[in-house]
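Working notes for the structure below.
The values are calculated or read from the model by the stated rules, or taken from the named source; none is laboratory data. Bear in mind that the values here come from a model prediction, so they are computed numbers and not experimental data. For neighbour counting, all protein chains shown are included, and Cβ atoms are generated from backbone atoms with ideal geometry for every residue, glycine included. Quick note on the areas: whole protein, heavy atoms, side chains included, nothing else; ligands and nucleic acids left out. Shrake-Rupley method; radii C 1.70, N 1.55, O 1.52, S 1.80 Å.
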Amino acid sequence: MAYQGLTTTYAADSFITDSAAAGTALSSGYKTNSGVIAMDPSKTKPYETVAEIAKKSGMKVGIVSSVSIDHATPACFYAHEPSRKNYHEIGMQLAVSDFDYFAGGGLKKPVSPDGKTDAYKVAEENGFTVTRTREDFLALKPGVGKVFAVSPELDADKALNYAIDGQTLTLGEFTRKGIELLDGPQGFFMMIEGGKIDWSCHANDAVTTIKDTLAFDEAVAAGLEFAARHPEETLVVVTGDHETGGLTIGFAGTEYSTYLDYLGGQTMSFIAFDKVLDEYRKNTSLGDARLEDLKEEIEKAFGLVILGDDERKRLDLLAANGDTKAEERLYFSLTEEELREVEKAFVRSMNKEEEKAGDKETYLIYGGYEPLTVTLTHTLNNKAGFAWTTYAHTGVPVPTFAQGVGADQFTGYYDNTDIGKMLISAVGARALTASR
Ligand SMILES: [Zn+2]
């Protein structure tokens with residue numbers, strides 16, 4: 001993209017922001033406290049968002065995310081709530097919204113606590129066509145009216161699967177359909193979030209993060225293709241609401257080297273491997289549990305090889321005689337120290353100790369995640385020369401990219417509230433042109 005900048009992300013009350021405060025800055029141009037959805041820090045005054053301004057000025061509006069559509073970032077564009085955790089209230093604001101296109105994840109709490117109100121039903125009563133299958137989604141054509149397109153498969157948090165685990169509909173497809181449905185003489189504003197990039201960073205799983213970033217890249221490509229067809233009237237901006245995990249290329253154990261080929265061996269997300277482990281735990285008594293039993297599953301999931309002493313000796317011998325297959329297996333095998341950490345984590349996982357995250361020392365090592373799984377992703381990432389500093393967000397600035405009308409404003413070093421302001425001015429300028 002033609003223009004780049006660097007963006008600070010801090011919240012009104014914290015140097016390290018959450019997605020609610022960051023989303024509010026991007027949608028409204030104002031700072032707020034972490035946890036607050038498009039309202040001021042006192043949680044009394046709603047902030048008008050770029051999406052609402054666009055809608056008011058006659059443009060069509062779409063909101064897309066790979067996480068649940070009532071999650072903090074998407075919510076910051078269409079809802080106003082004192083707490084991001086008010087999922088039902090946020091879902092209800094979506095249901096009565098006059099926006100044109102919601103797509104991606106579902107709703108976390110569609111039904112009210114008293115069981116009387118269902119946000120999906122209210123959305124339909126309010127004119128939304130709700131789709132839940134690939135066929136119904138692909139059949140949507142311009143003129144259909146308001147659409148709420150829910151991913152055919154949803155995880156426990158009502159989000160899309162990770163891209164690495166396979167998706168019936170991708171973020172790119174949700175974006176392309178949005179463009180098809182929203183495009184028209186009145187113009188449109190669309191916010192697309194690759195939200196699961198954040199989640200896999202929380203879990204310190206680099207390969208799953210990379211694959212979800214590539215899935216997000218397909219959405220960006222869709223935007224840029226549209227922009228290429230309408231270069232005089234389109235602005236595309238790509239940014240992060242914050243950094244997560246402190247992922248860095250560079251690890252103390254590998255110094256100046258990287259070994260990216262390790263990453264190619266991973267075939268599933270941390271969450272998919274958690275399920276494999278769950279299955280094993282269900283079918284194995286504590287006394288019978290052996291890491292060896294999971295050897296093949298670990299190799300299949302992460303490409304990491306667990307070798308017994310005898311097999312290592314045998315492979316060493318073969319490798320010394322130029323056997324490249326043996327060499328490769330040794331290359332992907334866990335070292336003694338790595339194996340020790342994996343064994344320790346295996347015992348913790350078998351004892352279901354992930355809930356011990358309250359204990360500071362345990363949290364530092366496993367972050368409240370499944371001990372075996374997070375140890376395997378850490379090991380794989382470190383072998384590749386990648387490292388993580390946290391299971392939460394960080395305060396580092398994020399890159400911002402822009403292309404199209406007014407994109408040159410997005411160069412330099414600025415705050416996330418400036419992005420909100422520049423988007424609002426871009427939408428305002430568009431509305432002015434349209435009314436002339
Ligand atoms: Zn996060």
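Hey, can you tell me all the residues within region 1-30 that are surrounded by fewer than 24 Cβ atoms within 10 Å (Cβ to Cβ), within 22 Å of the chain's Cα centre (by Cα) and away from the ligand (no atom under 16 Å from the Cβ)?
Answer for region 1-30, where residues must be surrounded by fewer than 24 Cβ atoms within 10 Å (Cβ to Cβ), within 22 Å of the chain's Cα centre (by Cα) and away from the ligand (no atom under 16 Å from the Cβ): MET1, GLN4, GLY5, LEU6, THR8.
How do the strands (runs of 3 or more DSSP E) wholly within region 62-164 filter down when requiring 2 or more residues that are of a type outside the set (S, T, N, Q): which remain? Lay out the reasoning, then the answer.
Working: elements: 101-104, 129-131, 147-150.
In region 62-164, 101-104, 147-150 are the strands (runs of 3 or more DSSP E) which contain 2 or more residues that are of a type outside the set (S, T, N, Q).
Here's the yes/no breakdown for (1) open to solvent by less than 70 Å² (accessible area, probe 1.4 Å); (2) at pLDDT below 95; (3) in contact with a Cys (Cβ under 9 Å, 6 or more places away or on another chain); (4) not in a helix (DSSP H, G or I):
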position: LEU339; (1), (2), (3), (4): yes, no, no, no
position: GLU354; (1), (2), (3), (4): yes, yes, no, no
position: GLY368; (1), (2), (3), (4): yes, yes, no, yes
position: LEU372; (1), (2), (3), (4): yes, no, no, no
position: TYR413; (1), (2), (3), (4): no, no, no, yes
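Just checking, does region 213-236 include any residue being in contact (Cβ under 8 Å) with a residue 12 or more places away in the chain, open to solvent by less than 50 Å² (accessible area, probe 1.4 Å) and within 16 Å of the ligand (Cβ to nearest atom)?
Checked against the condition, which is being in contact (Cβ under 8 Å) with a residue 12 or more places away in the chain, open to solvent by less than 50 Å² (accessible area, probe 1.4 Å) and within 16 Å of the ligand (Cβ to nearest atom), region 213-236 yields at least one hit.
Of the numbered conditions (1) outside the structural domain of PHE137 (by TED's automatic domain parsing); (2) in a loop (DSSP other than H, G, I, E, B), LEU263 satisfies every one except a single condition; which is it?
(2)
How about region 403-419: which of its residues are within 30 Å of ASN204 (Cβ to Cβ), away from the ligand (no atom under 16 Å from the Cβ) and not charged (D, E, K, R)?
We begin by selecting, within region 403-419, every residue within 30 Å of ASN204 (Cβ to Cβ); these are 413-417, 419.
Subsequent filtering for residues that are away from the ligand (no atom under 16 Å from the Cβ) retains 413-415, 417, 419.
Across region 403-419, the qualifying residues are TYR413, TYR414, THR417, ILE419.
In region 195-208, what residues are within 12 Å of the ligand (Cβ to nearest atom) and either open to solvent by 10 Å² or more (accessible area, probe 1.4 Å) or more than 21 Å from GLY106 (Cα to Cα) (or both)? Quick ask: steps written out before the conclusion?
Our first condition is that a residue be within 12 Å of the ligand (Cβ to nearest atom); within region 195-208, this holds for 195-203.
Residues satisfying the conditions are ILE197, ASP198, TRP199, CYS201, HIS202, ALA203.
Restricting to region 35-57, name every residue that is touching a helix residue (DSSP H, G or I) at 6+ places or on another chain (Cβ under 6 Å), modelled with pLDDT of 95 or more and open to solvent by 10 Å² or more (accessible area, probe 1.4 Å). Write out each step before concluding.
To start, the set of residues in region 35-57 that are touching a helix residue (DSSP H, G or I) at 6+ places or on another chain (Cβ under 6 Å) comprises 35-38, 47, 49-51, 53-54, 57.
Applying the additional criterion that residues be modelled with pLDDT of 95 or more yields 35-38, 47, 49-51, 53-54.
Scanning region 35-57 gives GLY35, TYR47, ILE53.
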